[in-house]
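Bear in mind these aren't lab numbers, they're just calculated from the coordinates by the rules spelled out. What you are looking at is a predicted structure, and each value in this text was computed from that prediction instead of being measured. So basically every Cβ, Gly included, is an ideal-geometry build from the backbone, and we count neighbours across all protein chains shown.
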Amino acid sequence: MGTAKTKGEWLRIKRARQSIDLAPTPKREKSGRPTRKGQARTPDIETLKARCIQMGKSINPANLREMRAPWWGCYAGRVIGSEIMSDDERRDLWTAINHMRRVVTAHDAALGLPRRHAVCLRLLAPVDEMTTNADAPAPDYRTDEEKQRKATAELMTMEGWLGYTDKRAMGEAKRVILRDEGCVDPEGLLLALRCISDGIKGRRMVYRGRDA
């Protein structure tokens, strides 16, 4: 003859059954909030190891921590990681890299041009309006003409900033940053990035070319 279960036992059984059907708990940020959709995630350990190997660094805890920085994930970023020792300047130049990619990607999209840049630029594609979240920008209700004018103006402004360096540096920046190809002129790439950084910060533009 079975023993009758108490109310508490039935509750424990119910919770156990529910736990089986629960979806995996989403990863949370340091603040405790779930990771937002579309947000870049910390590279996994195998990616960090691969970055160490690519940069000729031994695989140890210190190097694995360093490889978590986002700039180690593309050719342009690796240049600033290798050539620049200041973390503040690395962040400034990484901002310049992403600004250049965003401006060119937005310009191509506004004009309906086919995607012509590196796969890494897909990370900069706008989030679909129906999958946005509270922290995302408001939906863009501008007309196509307004988007085109804005995108063209931003591209022309950026080209103006790049005009403060020599043509070889400008070409290297476009090739490495936009096509994610290996860098053969680190000095030129850094000169171009510093021009973009000056423009972003609203500094007085100074010529940074090598043919002055």
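When restricted to Cα atoms, segment 135-212 yields an Rg and a Dmax of 15.1, 45 Å, respectively. The protection proxy used here, the mean number of other Cβ atoms lying within 10 Å of each residue, ranks peptides 100-106, 48-54 as follows, highest first: 100-106, 48-54. With 0.36 nm allotted per residue and the present C-alpha distance subtracted, the Thr157-Leu64 stretch has 29.7 nm of extension available.
Which entries in Lys57/Lys167; Lys147/Lys174; Lys174/Lys201; Lys49/Lys201; Lys147/Lys167 show an alpha-carbon gap greater than 27 Å?
Details: Lys57/Lys167 33 Å; Lys147/Lys174 23 Å; Lys174/Lys201 20 Å; Lys49/Lys201 35 Å; Lys147/Lys167 29 Å.
Beyond 27 Å between Cα atoms: Lys57/Lys167; Lys49/Lys201; Lys147/Lys167.
Filter the GluC sites (Glu not before Pro) in segment 134-212 down to the DSSP loop ones having no more than 15 other Cβ atoms within 10 Å, then list what survives. Can you show the working numbers first?
Numbers: sites: Glu145, Glu146, Glu154, Glu159, Glu172, Glu181, Glu187; in loops: Glu181.
Those that pass, being in a loop and sparsely packed, are Glu181.
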